[in-house]
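So the structure is just underneath, and the comments pick up after that.
The values are calculated or read from the model by the stated rules, or taken from the named source; none is laboratory data. On a predicted model such as this, the values are computed, not experimentally measured, just so you know. Virtual Cβ from ideal backbone geometry, glycine too; neighbours counted across all protein chains shown. Remember, those area values only see protein heavy atoms, side chains included, never the ligands or the DNA or RNA. Shrake-Rupley method; radii C 1.70, N 1.55, O 1.52, S 1.80 Å.
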Amino acid sequence: MKLYYTPKSHFARKNRILIDALSLEVELVDAGNVADSTPEIFANNPLMKVPTLVDGHQVIYESDHIAAYLVRKFDPTDSYQVLTNDVNQLNLRAVMNGVMTAEVELIMAERSGINTQHLKRFDKLRATVTQGMNWLENQADLFPQQPSYAGFHLICLWDHLLLYQMFQLKHPHLQQHIEKLSGFDCVVKSTPL
Ligand SMILES: N[C@@H](CCC(=O)N[C@@H](CS)C(=O)NCC(=O)O)C(=O)O
């Protein structure tokens, strides 16, 4: 299997942590510049995004679909609750994905030379991140105490926000979960530099 990723991609990191936690053999293929519009570097993902998983002739798009595919194939007991149907857990996942997407849009816009300040659309994306993080802080006790896919997701989101420094992180309840997860080997290995 091959995972097309970049070292800084927080979406791909969700898969990398899970892959390590399940001790799966997956070759990592660095897609390079994700701003490029060349489908080949994304394993022909028509959306031109990482991550993409290639398993023989099967190609899988979307980080959460990749996680579900790996768990269905290799982890029948679903050790990290990837396949949860719990509505609260799915809401956590939706908000984390929404915050990550809004942050990526801001980063990509600035990288392509757009000054995102004082533009209504980008103000909304900034508000999405701020409100999303505040919502997660208020729901922090929904995160499992044991290592879980929700926890892996949170640390990917958190470390990426720290890396790009567009937002202040003052979320003590989330921070407690982050500190616990930061000691987990599979998490440390993929920390973005
Ligand atoms: N919903 C997708 C989001 C993937 C995503 O946005 N990836 C970013 C990198 S972190 C990307 O490749 N962006 C390229 C672009 O938007 O042009 C997933 O969960 O896999």
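Residues checked against (1) open to solvent by 60 Å² or more (accessible area, probe 1.4 Å); (2) within 17 Å of Leu169 (Cβ to Cβ); (3) touching a helix residue (DSSP H, G or I) at 6+ places or on another chain (Cβ under 6 Å):
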| position | (1), (2), (3) |
| --- | --- |
| Asn91 | yes, no, no |
| Met96 | no, yes, yes |
| Glu103 | no, yes, yes |
| Ser112 | yes, no, no |
| Asn115 | yes, no, no |
| Met133 | no, yes, no |
| Glu137 | no, yes, yes |
| Gln145 | yes, no, no |
* In the range 34-68, what residues are of a type in the set (A, V, I, L, M), touching a Leu at 6+ places or on another chain (Cβ under 9 Å) and more than 18 Å from Glu105 (Cβ to Cβ)? -> Ala43, Leu53, Val54, Val59, Ile60, Ile66, Ala67, Ala68
* Would you call Ser37 away from the ligand (no atom under 14 Å from the Cβ), surrounded by fewer than 16 Cβ atoms within 10 Å (Cβ to Cβ) and not assigned by TED's automatic domain parsing to the domain that holds Leu161? -> no
* Looking only at residues in the range 2-33 that are touching a residue at least 60 places away in the same chain (Cβ under 8 Å) and of a type outside the set (Lys, Arg), which one is farthest from Glu110 (Cα to Cα)? -> Ala21
* Six or more apart or on different chains, Cβ under 7 Å: which pairs go from a residue in the range 107-119 that's assigned by TED's automatic domain parsing to the domain that holds Leu161 to one that's away from the ligand (no atom under 14 Å from the Cβ)? Could you list them? => Ala109/Thr116; Ala109/Phe122; Glu110/Thr116; Thr116/Phe122
* Asked: What number of residues within the range 41-82 are within 14 Å of the ligand (Cβ to nearest atom), exposed (fewer than 12 other Cβ atoms within 10 Å of the Cβ) and more than 21 Å from Ala94 (Cβ to Cβ)?
  -> 1
